[in-house]
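None of the figures in this text is laboratory data; all of them are computed from the coordinates on show. Because the structure is a prediction, the values reported are computed rather than measured. Note: ideal-geometry Cβ built from the backbone for every residue, glycine included; neighbour counts use all protein chains shown.
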């Protein structure tokens, strides 16, 4: 039986404002990764970001990522953490 730890988190992407215009979306992805590492107690190498979450960040282009996003993080027994959009996904400008 695989035991899993699951959390739904609302992440504020504050540091993306300070990033250069051409790197804002990439900074938002890194900020999500850092938040999940901190709260799920995992290594950065074991974080897997779902393609739908990546597309939600990049939906407005590289210059205008969302300021808040709700994600679902599932930690598996082997230490791998999958980060995705929850079923009732919310992306705020």
Given the residues 55, 6, 77, which is the only one that is surrounded by fewer than 17 Cβ atoms within 10 Å (Cβ to Cβ) and in a loop (DSSP other than H, G, I, E, B)? 77
Which members of the range 61-74 meet the condition of being outside any loop (DSSP other than H, G, I, E, B) and under 18 Å from residue 51 (Cβ atoms)? 69, 70, 71, 72, 73, 74
Let me spell it out: the conditions are (1) in a loop (DSSP other than H, G, I, E, B); (2) surrounded by fewer than 16 Cβ atoms within 10 Å (Cβ to Cβ); (3) more than 13 Å from the chain's Cα centre (by Cα), and residue 19 meets all of them except one. Which number is the exception? (2)
